[in-house]
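Notes follow once the structure below has been shown.
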Amino acid sequence: MSYQNLKLETREGVAVLTVNRPDKLNALNDATVAELDAAFAALGADGSVRGVILTGAGEKAFVAGADIAELSTQSPIQGTERSVRGQRVLDRIERLGKPVVAAVNGFALGGGCELAMACHVRVASENARLGTPEVKLGIMCGYAGTQRLPRLVGRGRALEMLLTGEMVDAQEAWRIGLVNKVVPREQLLAEAEGLLRKMLANGPLSLRFTLEAVHQGLEMPFDEAQTHEATLFGLICTSEDMKEGTAAFLAKRAPQFKGR
Ligand code: COA
């Protein structure tokens, strides 16, 4: 599939998807959101893709937010529809069933910060700056930032960011748990890929079920979440990968996982 506002490269099971509107700091206009939806649907369905790195084109930005030019003329109905569309795309990323690493290479603001938070882990370059400046525009987060940010950094820090609209630099983002790791700019993609490949060395079903147990479980009462985890644990015990992983350990050899 070819895209106007995205670049896609795939190598040895890893897809690198780049939001590609550098002249607008990769701002998410409606066309780009639709392409992200299509791209993640395709990546989710493609069995040869085992994990994804999401990044932004150019020197300055991961994604500098939703496209303010489009937002400036929206009606209330269009605003709600735009918010719901964005939320669904980000949900699709979070529920992809394979790990998605955000390589945050500069500004990740508003919808860009929300997009990074929908990825499973975030690696940031030293020049990255993250924030939710929507309140400065007289609007508010619309791609679930009011929900994912407090879940990631806690209610107090999230409300400080959401209500001031001020950005945090990469070190502060790391300190509060908004990003997992900060690395020099020139090493960003290699570090993101290294982290992803560490995950991909493990059983694909283990990754899928762990993602599901964490994301669904966090929305459930604790007891229900434990029951859900136990059910997934039972299910994974039916897999060839469980037999292979445990047998390989006992035989002191490397496992060969097949994802079944
Ligand atoms: N939507 C639409 N266009 C955007 C954009 C956005 N979210 N963010 C940046 N751009 C555009 C600018 O309008 C400018 O376009 P132009 O060259 O046609 O005038 C271009 O990208 C470069 O941005 P510029 O503001 O000149 O870069 P800068 O280095 O001076 O500032 C930022 C960088 C990120 C601080 C600044 O662009 C900014 O505040 N962007 C908006 C962030 C935001 O509020 N996001 C939440 C949106 S809901």
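The values are calculated or read from the model by the stated rules, or taken from the named source; none is laboratory data. Just so it is clear, the model here is predicted, and its values are computed rather than measured. In this analysis, Cβ positions are derived from the backbone assuming ideal geometry, glycine residues included, and neighbour counts consider all displayed protein chains.
Side notes on the structure shown:
- Listed by position, the strands (runs of 3 or more DSSP E) inside region 91-138 whose residues that are at pLDDT 95 or above and of a type outside the set (A, V, I, L, M) number at least 1 are 107-109, 121-125, 129-131.
- Cross-chain or 6+ apart pairs with Cβ under 7 Å, region 61-80 first and without any contact (Cβ under 8 Å) to a residue 60 or more places away in the chain, then part of a strand (DSSP E or B): A61/F107; V63/V19; V63/L28; V63/G56; V63/A108; A64/F107; A64/L109; D67/L28
- Criterion violated by E59 - all others in (1) farther than 27 Å from G131 by Cβ; (2) modelled with pLDDT under 95 satisfied: (1)
- Scanning region 49-59 turns up one or more residues that are over 14 Å from the mean Cα position of the chain (by Cα), away from the ligand (no atom under 16 Å from the Cβ) and of a type outside the set (D, E, K, R).
Yes or no, residue by residue, for (1) of a type in the set (S, T, Y); (2) in contact with a strand residue (DSSP E or B) (Cβ under 7 Å, 6 or more places away or on another chain); (3) buried (at least 22 other Cβ atoms within 10 Å of the Cβ):
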{"residue": "Q87", "(1), (2), (3)": "no, no, no"}
{"residue": "G106", "(1), (2), (3)": "no, yes, yes"}
{"residue": "G111", "(1), (2), (3)": "no, yes, yes"}
{"residue": "V121", "(1), (2), (3)": "no, yes, no"}
{"residue": "T132", "(1), (2), (3)": "yes, no, yes"}
{"residue": "L137", "(1), (2), (3)": "no, no, no"}
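- Test: residue in region 91-109 that is in contact with a Pro (Cβ under 7 Å, 6 or more places away or on another chain) and within 11 Å of the ligand (Cβ to nearest atom): yes
- The residues of region 207-247 that are in contact (Cβ under 8 Å) with a residue 40 or more places away in the chain and under 25 Å from the mean Cα position of the chain (by Cα), listed by number, are L207, R208, L211, E212, H215, L218.
- Region 8-33: number of residues that are in contact with a Lys or Arg (Cβ under 8 Å, 6 or more places away or on another chain) and farther than 23 Å from A190 by Cβ: 6
- Close pairs (7 angstrom Cβ cut-off, 6 or more residues apart or separate chains): farther than 9 Å from P184 by Cα and polar (S, T, N, Q) in region 122-133, part of a strand (DSSP E or B) and near the ligand (Cβ under 8 Å from one of its atoms) anywhere: none
- The residue that is farthest from the ligand (Cβ to nearest atom), counting only those in region 9-31 that are in a strand (DSSP E or B) and surrounded by fewer than 18 Cβ atoms within 10 Å (Cβ to Cβ), is R11.
- Scan of region 139-149 for residues that are of a type in the set (S, T, N, Q) and not in a helix (DSSP H, G or I), ordered by number: none
- Flag for G65 being within 11 Å of the ligand (Cβ to nearest atom), farther than 26 Å from E219 by Cα and under 16 Å from the mean Cα position of the chain (by Cα): yes
- Listed by first and then second residue, the pairs with beta-carbon distance under 8 Å, at least 6 apart or on different chains, first residue in region 18-29 and under 16 Å from S2 (Cβ atoms), second at pLDDT 95 or above and near the ligand (Cβ under 9 Å from one of its atoms), are V19/N26; V19/L28; V19/V63; N20/N26; R21/A27; R21/N29.
- One residue stands out in region 35-72 among those that are part of a helix (DSSP H, G or I) and of a type in the set (G, A, S): the one that is surrounded by the fewest Cβ atoms within 10 Å (Cβ to Cβ), namely A45.
- For region 84-102, a residue qualifies if it is of a type in the set (G, A, S) and within 9 Å of the chain's Cα centre (by Cα), and exactly one does: A102.
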